[in-house]
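Here's the structure, in structure tokens; my notes come after.
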């Protein structure tokens, strides 16, 4: 186990800021980021503006993904209406060579990965990026606010701003995708307590705090500093641990 690489799993709702967080890590802590090899998943969705084949995802059709899943070493998952896949042979080959691996994406994927029997032999760091902090959830609950509905509205607004920035005029398909992603956020926060650490972050992918002023500001800065500290196995004051019953049930 000591000779194997470490697996870093970064999960969170769509538009929580996972991608910008990884980009900010490269900018501010290049030596740390260079030690991480990105885990490239397979995906049936279309590439977003700026995404590249083999770098962000391996973009494949539904038919090809289903064919790949016939093999014993290919894990297939449904994520927000799309299919995502992982070649587990490739993952374990990298880990066995002593390379640290980073996954960032939907939290259902990390849960499926760490549940693999072979993962019992791997050192895993689980980090969840949340659009709400523990204190905010408790504060809203104490005032009778419907926290799950509030979160959906928050993420809808973030996703609208992100998609408008990417595409300008939005199609009906874009709006349907936004509703699907925003609606899945409460279910995804149900998984947060399973992670080792939760990093609260209000600066989602819609926020200019990530790159408008070259270096991150606001929550974006706090998030990247906390993530870097956790990667160094150091205390991170901005990171939290959540109890199982913190997030309200349906």
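The values are calculated or read from the model by the stated rules, or taken from the named source; none is laboratory data. Quick caveat: nothing in here was measured; it's all calculated off a predicted structure. Methodologically, a virtual Cβ is constructed for each residue, glycine included, from the backbone with ideal geometry; neighbour enumeration extends over all protein chains shown.
For segment 233-249, which positions are assigned to a loop (DSSP other than H, G, I, E, B), touching a residue at least 12 places away in the same chain (Cβ under 8 Å) and touching a helix residue (DSSP H, G or I) at 6+ places or on another chain (Cβ under 7 Å)?
Of everything in segment 233-249, those that are assigned to a loop (DSSP other than H, G, I, E, B), touching a residue at least 12 places away in the same chain (Cβ under 8 Å) and touching a helix residue (DSSP H, G or I) at 6+ places or on another chain (Cβ under 7 Å) turn out to be 236, 238, 239, 242, 243, 244, 246, 247, 248.
Mind checking which residues of segment 34-49 are over 24 Å from residue 4 (Cα atoms), touching a residue at least 24 places away in the same chain (Cβ under 8 Å) and surrounded by fewer than 17 Cβ atoms within 10 Å (Cβ to Cβ)?
45, 48, 49
When you scan segment 69-124, how many residues do you find that are on the phi < 0 side of the Ramachandran plot, exposed (fewer than 14 other Cβ atoms within 10 Å of the Cβ) and in contact (Cβ under 8 Å) with a residue 40 or more places away in the chain?
Here the count works out to 3.
Within segment 89-106, identify whether any single residue is part of a helix (DSSP H, G or I) and within 26 Å of residue 183 (Cα to Cα), and answer yes or no.
no
Could you count how many residues in segment 125-156 are exposed (fewer than 15 other Cβ atoms within 10 Å of the Cβ) and free of Cβ contacts under 8 Å to residues at least 60 places away in the same chain?
Going through segment 125-156 one residue at a time, the tally reaches 9.
Do we find a residue being in a helix (DSSP H, G or I) and either more than 30 Å from residue 46 (Cβ to Cβ) or under 14 Å from the mean Cα position of the chain (by Cα) (or both) anywhere in segment 165-181?
Yes, segment 165-181 has at least one match.
Out of all the residues in segment 191-204, is one or more without any contact (Cβ under 8 Å) to a residue 60 or more places away in the chain and closer than 30 Å to residue 89 by Cβ?
no
Out of segment 1-40, which residues are assigned to a loop (DSSP other than H, G, I, E, B) and over 12 Å from residue 129 (Cβ atoms)?
Across segment 1-40, the qualifying residues are 1, 2, 3, 4, 5, 6, 29, 35, 39, 40.
Could you identify the single residue in 203, 196 that is over 23 Å from residue 141 (Cβ atoms) and either modelled with pLDDT under 95 or surrounded by 20 or more Cβ atoms within 10 Å (Cβ to Cβ) (or both)?
203
Among the numbered criteria (1) within 24 Å of residue 195 (Cβ to Cβ); (2) in contact with a helix residue (DSSP H, G or I) (Cβ under 8 Å, 6 or more places away or on another chain), which single criterion is violated by residue 100?
(2)
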